[in-house]
Amino acid sequence: MVVFLNLMGQTILAYISVFAFGIMLNIPRRTLNRAGIVGACAWLVYELVIVLTQHFLDKNWRIVLGTLLASGVIGVMSLSMSRAQKVPVLIYNIPGIFPLVPGAQAYQVVRNLVVGNREVATQNFELLVIIAGAIVIGFWVAELINRLRSLHRLT
């Protein structure tokens, strides 16, 4: 029960943060709610992967897998939402990816470089690059899924 409440609380906070980030980016008002939903769903997928794979995977690989799947969810949902409201996909992609951006890893890289821990900084930088790659691969897979869906509609 505690895990469920934690997931719901984090999902609501992700919705609020994506909604606020959408306001900062000045996206159209009519798209703010859907952008928040995209970001909240992606964060929920990310957290579910983290929770459900904690006995199978190392912490870093849970983060990478969660990011990969969540960015795929963002890509698929963004295209559906953009078609429904006839706006560019980036209206939903950019705010939706906001909770998944590895800012903490980037901070740790710089912090450890300043302190002089080059080995820890290198490890954090490798994780940062892998997470960024997972985001890219997730969007790529989502694009493949969306193209396959559109091909299926044509036949």
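For the chain, a simple Cβ point-charge model (Lys and Arg +1, Asp and Glu -1, everything else neutral) yields a dipole of about 620 debye relative to the Cα centre.
Å³ per residue of the Cα convex hull, for the chain?
Expressed per residue, the convex hull around the Cα atoms of the chain is 133 Å³.
Normalised by the number of residues in segment 8-138, the average gap of Cα pairs under 8 Å and 6 or more apart makes the relative contact order 28 percent. Taking V120, V141, V64 as the candidate residues, the one with maximal mean-square fluctuation in a Gaussian network model of the chain, Cα springs under 10 Å, is V120. Heavy-atom accessible surface of segment 72-155, averaged per residue, reaches 62 Å², computed with a 1.4 Å probe.
A dipole drawn for the chain from +1 and -1 charges on Cβ atoms has a positive end, and of M1, Q85, I135 the residue lying farthest that way is Q85. Rolling a 1.4 angstrom probe over segment 21-155 with all protein chains present gives an accessible area of which 67% lies on carbon and sulfur atoms. Accessible area ranking (1.4 Å probe, heavy atoms, ligands and nucleic acids excluded), largest first, for L90, L100, L128: L90, L128, L100.
What would the Debye equation give as log₁₀ I(q)/I(0) for segment 1-61 at q = 0.15, 0.16, 0.20 Å⁻¹, counting only Cα atoms as equal point scatterers? Summing over Cα pairs of segment 1-61 leads to -0.52, -0.57, -0.75. Of the residues A35, A84, A70, the one that moves most in a GNM of the chain with alpha-carbon contacts below 10 Å is A84. Less than 13 Å from a label point 7 Å out along the Cα-to-Cβ axis of N117: which backbone N atoms in segment 78-105 qualify, by residue? From segment 78-105, the list is 105.
As a test of the formula, what do you get for the chain when each DSSP H run with n ≥ 4 contributes -39,500 (n - 2.57) and the sum is divided by the residue count, at 222 nm and rounded to the nearest 500 deg cm²/dmol?
Taken over the chain, the calculation gives -30000 deg cm²/dmol.
Defining a contact as two alpha carbons under 8 Å apart and six or more residues distant in sequence, what relative contact order in percent does segment 42-93 show? With pairs under 8 Å counted, the relative contact order is 33 percent. FRET efficiency for the I12 to Y107 pair, using the beta carbon distance and R₀ = 30 Å, is estimated at 0.75.
Ordering Y92, Y15, Y46 by accessible surface, largest first, gives Y15, Y46, Y92; the 1.4 Å probe counts only protein heavy atoms, with every chain in place. Within the full protein context, the accessible area of I37 is estimated at about 60 Å² for a probe radius of 1.4 Å.
The values are calculated or read from the model by the stated rules, or taken from the named source; none is laboratory data. Just so it is clear, the structure is predicted and the values come from calculations on it, not from any experiment. A quick note on method: Cβ atoms are made from the backbone with ideal geometry, for glycine too, and the neighbour counts reach across all protein chains shown. Note: areas computed on protein heavy atoms with side chains; ligands, DNA, RNA excluded. Shrake-Rupley method; radii C 1.70, N 1.55, O 1.52, S 1.80 Å.
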